[in-house]
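Enquirer: Quick one: structure below, then a few questions.
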Amino acid sequence: MKRFGAQIANHLCPGDIVALVGDLGAGKTHISQGICAALGHQGEVTSPTFALVNEYTDSTPPIMHFDLYRMENAQELLDIGWEDYLERDAILIVEWADRFPELIPEGTHCIHIEHLPQGRRLSYDKV
């Protein structure tokens, strides 16, 4: 999953959004780790489940890493400045993006991760 994330990173530009959708333990954070490492982040990458967003400003471009799992409604995402983050010259990675699809803008790179008995299936589409 980390290798896949690194491959994705090669195709991302400032302003891009990566929506990660999958069950608990599917590999969303591992994909995030691969993206962050490939873009130059040197530190640890953990799912911001309780912090809601982690900012990695040592990468090029900066990365804003969101986890929507614990949010109850879309207003909570707006309250932490979602619209301001969309205006930044950064890459946004959003775990559990399917929680509030109405706030995910057009042009978002969506990666769906599905558990299978023999591994995982990844699918990609652009919203």
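Please treat every number below as a calculation from the coordinates, not as lab data. What you are looking at is a predicted structure, and each value in this text was computed from that prediction instead of being measured. Because the Cβ atoms are built from the backbone with ideal geometry, glycine has one as well, and the counts that use them run over all protein chains shown.
Enquirer: What dipole magnitude, in Debye to the nearest 20, does the chain give about its Cα centre under +1 on Lys/Arg Cβ and -1 on Asp/Glu Cβ?
Expert: Value, rounded to 20: 700 debye.
Enquirer: So, one more: In the neighborhood of PRO48, defined by Cβ-to-Cβ distances under 11 Å, what is the net charge if each Lys or Arg adds +1 and each Asp or Glu adds -1?
Expert: Within the 11 Å Cβ shell, the charges total -2.
Enquirer: Return CYS110, CYS13, CYS36 ranked ascending by Cβ neighbour count within 10 Å, so the fewest neighbours appear first.
Expert: CYS13, CYS110, CYS36
Enquirer: Ok, one more. In region 1-84, which GluC sites (Glu not before Pro) fall in coil by DSSP and have 11 or fewer other Cβ atoms within 10 Å?
Expert: GLU44, GLU72
Enquirer: Taking the chain as a Gaussian network, where each spring joins two C-alpha atoms under 10 Å apart, which residue of PRO14, PRO117, PRO61 fluctuates the most?
Expert: For the chain, modelled as a Gaussian network with Cα springs under 10 Å, the answer is PRO117.
Enquirer: What is the set of long-range amide H partners of GLY22 at a cut-off below 5 Å, with H atoms built 1.01 Å from backbone N?
Expert: Result for GLY22 returns TRP96, ILE113.
Enquirer: Here's another thing I want to ask about it. Can you pull out the chymotrypsin sites (Phe, Trp or Tyr not before Pro) in region 15-91 whose DSSP state is coil and whose Cβ has at most 16 other Cβ atoms within 10 Å? Walk me through the numbers on the way to the answer.
Expert: Working: sites: PHE50, TYR56, PHE66, TYR69, TRP82, TYR85; in loops: PHE50, TYR69.
Those that pass, being in a loop and sparsely packed, are PHE50, TYR69.
Enquirer: Okay, moving on. In sequence order, what are the phi-derived ³J(HN,Hα) couplings for region 9-24 according to the Karplus relation 6.51 cos²θ - 1.76 cosθ + 1.60 with θ = phi - 60°, rounded to whole Hz, with x for glycine and proline?
Expert: Those phi angles translate into 4, 5, 10, 9, 10, x, x, 6, 10, 10, 9, 10, 10, x, 5, 4 Hz.
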